[in-house]
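Chemist: Mind having a look at this structure? Questions to follow.
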């Protein structure tokens, strides 16, 4: 099983450029999430989705948009990149709520630098 | 804002010693989870403890949960150099649909 796959793994953008990060999972999970990780700040939730066609804002959504057109894919878009968006981005997925509790499966991350 | 806060922020021990990391949180939870992150990699789920459990074991890992103090601890026994990583606690608050992660403990195990 591939689990959660993120593409690309690395990217350098110029300020004002746009890009899309792709997350794909093959575990038939209902929920998907986008986090950013910055030194000393842990993981902060950007957006999440509880099902195909639905998305919701997390803790730090400004400057990002997302789409979940297919259950297995969750896209994160930056319309006009800013240096403050330099970070490592992680996608995760989980089953919907159940009695066993939900644990996340993470992708390996995308390291984005905005210059 | 982070729900869980780990303590210490960094920990350095010798191989073979035990490592203990603590996590405190603020609101009621359904369960608490611990994750490990090796340098440059994604987080990997280690163990989940439900709010009605007090202790749980998995191999060399022992997790305790004290809901009255809103705290949890992760003990790694007989540590190995390969245990060097960052460790994060994450809380599942029930009504919220996402986990909330702490800022992590960086563990270094010296050979």
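The values are calculated or read from the model by the stated rules, or taken from the named source; none is laboratory data. Quantities reported herein were computed from a predicted structural model and do not represent experimental measurements. Quick reminder, even Gly has a Cβ in these numbers, built from the backbone with ideal geometry, and neighbours come from all protein chains shown.
Chemist: Is it fair to say residue B:63 is under 18 Å from residue B:12 (Cβ atoms), in contact (Cβ under 8 Å) with a residue 12 or more places away in the chain and surrounded by 15 or more Cβ atoms within 10 Å (Cβ to Cβ)?
Modeler: Spelling it out, it is not the case that residue B:63 is under 18 Å from residue B:12 (Cβ atoms), in contact (Cβ under 8 Å) with a residue 12 or more places away in the chain and surrounded by 15 or more Cβ atoms within 10 Å (Cβ to Cβ).
Chemist: Can you pull out every residue in segment A:73-104 that is part of a loop (DSSP other than H, G, I, E, B) and in contact (Cβ under 8 Å) with a residue 40 or more places away in the chain?
Modeler: Matches in segment A:73-104: A:79, A:80, A:81, A:82, A:95, A:96, A:102, A:104.
Chemist: Counting only residues that are closer than 12 Å to residue B:83 by Cβ and surrounded by fewer than 16 Cβ atoms within 10 Å (Cβ to Cβ), which one in segment B:15-41 is farthest from the other protein chains (Cβ to nearest Cβ)?
Modeler: Among those residues, the one meeting the criterion is B:16.
Chemist: Which pairs turn up if I take residues in segment B:1-19 that are closer than 17 Å to residue A:44 by Cβ and look for partners that are part of a strand (DSSP E or B) and modelled with pLDDT under 85 with beta carbon separation below 9 Å, at least 6 apart in sequence or on another chain?
Modeler: Hits for this filter: B:2/A:42; B:4/A:42; B:6/A:42.
Chemist: Output the residues belonging to segment B:73-94 that are more than 10 Å from chain A (Cβ to nearest Cβ) and either surrounded by fewer than 16 Cβ atoms within 10 Å (Cβ to Cβ) or without any contact (Cβ under 8 Å) to a residue 60 or more places away in the chain (or both).
Modeler: Those that are more than 10 Å from chain A (Cβ to nearest Cβ) and either surrounded by fewer than 16 Cβ atoms within 10 Å (Cβ to Cβ) or without any contact (Cβ under 8 Å) to a residue 60 or more places away in the chain (or both): B:73, B:74, B:75, B:76, B:77, B:78, B:80, B:81, B:82, B:84, B:85.
Chemist: Sticking with this structure for a sec: From the list A:66, A:88, which residue is facing chain B (nearest Cβ under 10 Å), surrounded by 12 or more Cβ atoms within 10 Å (Cβ to Cβ) and over 16 Å from residue B:99 (Cα atoms)?
Modeler: It is A:88.
Chemist: From the set of residues in segment A:1-17 that are in a loop (DSSP other than H, G, I, E, B) and exposed (fewer than 14 other Cβ atoms within 10 Å of the Cβ), which is nearest to the other protein chains (Cβ to nearest Cβ)?
Modeler: Once the filter is applied, the top-ranked residue is A:9.
Chemist: Could you check how many residues of segment A:52-72 are part of a strand (DSSP E or B) and either out of contact with any strand residue (DSSP E or B) (no Cβ under 8 Å at 6 or more places or on another chain) or farther than 18 Å from residue A:5 by Cα (or both)?
Modeler: Count: 6.
Chemist: Then there is this: Somewhere in segment A:31-51, is a residue more than 21 Å from residue B:34 (Cα to Cα) and exposed (fewer than 15 other Cβ atoms within 10 Å of the Cβ)?
Modeler: Scanning segment A:31-51 turns up at least one residue that is more than 21 Å from residue B:34 (Cα to Cα) and exposed (fewer than 15 other Cβ atoms within 10 Å of the Cβ).
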